[in-house]
Amino acid sequence: MNFSESFKLSGLLCRFSPDGKYLASCVQYRLVVRDVKTLQILQLYTCLDQIQHIEWSADSLFILCAMYRRGLVQVWSLEQPEWHCKIDEGSAGLVASCWSPDGRHILNTTEFHLRITVWSLCTKSVSYIKYPKACQQGITFTRDGRYLALAERRDCRDYVSIFVCSDWQLLRHFDTDTQDLTGIEWAPNGCVLAAWDSCLEYKVLLYSLDGRLLSAYCAYEWSLGIKSVAWSPSSQFLAIGSYDGKVRLLNHVTWKMITEFGHPAAINNPKAVVYKEAEKIPELGLGHLSFPPPRAMAGALSTSESKYEIASGPVSLQTLKPVADRANPKMGVGMLAFSSDSYFLATRNDNVPNAVWIWDIQKLKLFVVLEHMSPVRTFQWDPQQPRLAICTGGSKVYLWSPAGCVSVQVPGEGDFPVLGLCWHLSGDSLALLSKDHFCLCFLETKEEVGTACGQRDGHA
């Protein structure tokens, strides 16, 4: 495993292009586009204000920069660097901006969610969609880019509208039996739309493309309900993370629950492997220490390496007692993601914040638990194989695969707290993001990584 030098960054804004050739990053009001292989700067664009959001078009030819405070969007072309586009929403303001799947239209959501403006880069025409709902996940496109589903709120009721992306014509419009619709998401195959209610009412509704209600699911009543939802890439399973600390798995044939996964603080399952992160103290000969210590040695002393150790059961995990009288309590399954082959599901229970649980979806059982010394900030699966990258806000990145797991110290002078990460399309590299910098982590082939992970120490 190798690391690049670190580069300046602001706002954790660093994105690989969909074709995998480019890497875009932001430094205040500047947009920097690099070649992924050489990391040489290809283009440097200057925006009118500090950039708050960036997004590549699906064909990797354009990149969008949103400046919400100014109500501005600027679009840059990689093929024609002298060409650029500026969209000013004016007094309407701007709270969200995204590409349509064709990469030639931009959808801007105005302040107070009064409307969505659809701007065409080709014809310079403008279309308007009224009544978008201000919710957690109110816009979703099918994977093939043909349809858009939009959550709406009008006359104190929730609705979903389905639009055809080629001409933005309304295809279907139907109301949802929800108190406060919180999110919608298409299945990867584009055949089923999942819609779920707020945490105050446990309800998941599944609709066909023509707006028919296929099924409704409720696990329990009179308690905080749904916290997170994820489709498997195969579209066969819908995973629902709940405030009661369980994940419920629905199947695509009957839309009934096939199993539920609990997240207890004590693990007594003898077949589940539990890895605990432990400090690995460097061996220093006291007779050769100088004072003050050299800079490199001082850095090694302040940032100790770590390794995973297999814990013998039963194992007790560190828990966090949620504050019950505050909104959004730190409890329940707040993060879940399927591996690219749908074989594994990774979850985090927010009141057991240091642990990542990995479930075997083929056998519907717990496969492994990884407990860290700090709370897990985020995790993300390799797009090509079942390999999970984890960060906890420290200067390490953690990798797990069925062959084993490894903790790797990010090299360099000073501390590099990893606050976010994103995989390259090929799975060969990983961008590690800190508050002011980013670097790339280059991974070996499958065979080499399997050998390194099998060692289960800090040297990959």
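The values are calculated or read from the model by the stated rules, or taken from the named source; none is laboratory data. Bear in mind the structure is a predicted one, so any value in this text is a computation, not a measurement. Heads up, the Cβs are rebuilt from the backbone with ideal geometry, glycines too, and the neighbour counts pull from every protein chain shown. Remember, those area values only see protein heavy atoms, side chains included, never the ligands or the DNA or RNA. Shrake-Rupley method; radii C 1.70, N 1.55, O 1.52, S 1.80 Å.
Summary table below
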item	result
Relative contact order %, region 1-130, counting alpha carbon pairs below 8 Å whose residues are six or more apart	13
Largest-first ordering by accessible area, 1.4 Å probe, given options Glu111, Glu55	Glu111, Glu55
Sequence-separation-based contact order of the chain, relative, with Cα cut under 8 Å and 6+ spacing, percent	10
Per-residue ³J(HN,Hα) for region 40-47, Karplus 6.51 cos²θ - 1.76 cosθ + 1.60, θ = phi - 60°, Hz, x for Gly and Pro	6, 6, 8, 9, 10, 10, 10, 9
Dimensionless Rg/Rh of region 183-281 - Kirkwood Rh, Rg from C-alpha atoms	1.08
With all protein chains modelled, accessible area of Arg15 [1.4 Å, Å²]	90
Mean-position separation - Cα centroids, region 99-144 and region 422-441, in angstrom	29
Fraction in percent of alpha-carbon pairs per bin - 10 Å, region 1-104	15, 49, 29, 6, 1
Note, ³J(HN,Hα) from phi for region 183-190, Karplus 6.51, -1.76, 1.60, rounded to Hz, x at Gly and Pro	x, 9, 7, 6, 5, x, 7, x
For the chain, calculated [θ]222 nm from helices alone, where every DSSP H run of n ≥ 4 adds -39500 (n - 2.57)	-1000 deg cm²/dmol
For the chain, with +1 on Lys and Arg beta carbons and -1 on Asp and Glu, the positive-most of Leu440, His372, Pro132 along the dipole	Pro132
Per residue convex hull volume, Cα atoms of region 348-430, in Å³	101
Relative contact order (percent, whole number), region 77-181, Cα cutoff 8 Å, 6+ residue spacing	14
Share of carbon and sulfur in the accessible heavy-atom surface of region 1-89 [1.4 Å probe, %]	46
Average accessible area per residue (Å²) across the chain - probe 1.4 Å, nucleic acids and ligands excluded	47
Lys/Arg +1, Asp/Glu -1 at C-beta; region 343-438 dipole; positive extreme among Pro383, Pro417, Leu345	Leu345
Karplus 3J(HN,Hα) series, Hz, for region 164-175 with 6.51 cos²θ - 1.76 cosθ + 1.60 (x for Gly, Pro)	8, 6, 5, 9, 6, 7, 6, 9, 9, 9, 8, 8
Leading residue at positive end of dipole, the chain (Cβ point charges), from Val273, Val247, Tyr45	Val247
Sorted peptide list for 169-182, 32-45, criterion being average Cβ within 10 angstrom, highest first	169-182, 32-45
Stretch gain in nm, segment Leu44-Gln384, where the contour uses 0.36 nm per residue and the Cα spacing is subtracted	119.3 nm
Proximal aspartates and glutamates to Lys363, defined as alpha-carbon separation beneath 16 angstrom and excluding residues fewer than eight positions away on the same chain	Glu260, Asp341
Charged-residue dipole, Cβ positions (Lys, Arg, Asp, Glu), region 12-152 about Cα centre, Debye nearest 20	160
Cα principal axis extents for region 236-278, largest first, Å	43, 23, 17
Label-point gap, in nm, between Asn2 and Asp180 - each point 7 angstrom along Cα→Cβ	5.2
Estimated dipole of the chain in Debye, rounded to 20 [Cβ of Lys and Arg +1, of Asp and Glu -1, Cα centre]	420
Alpha carbon centroid spacing (whole Å) that separates region 331-408 from region 204-231	25
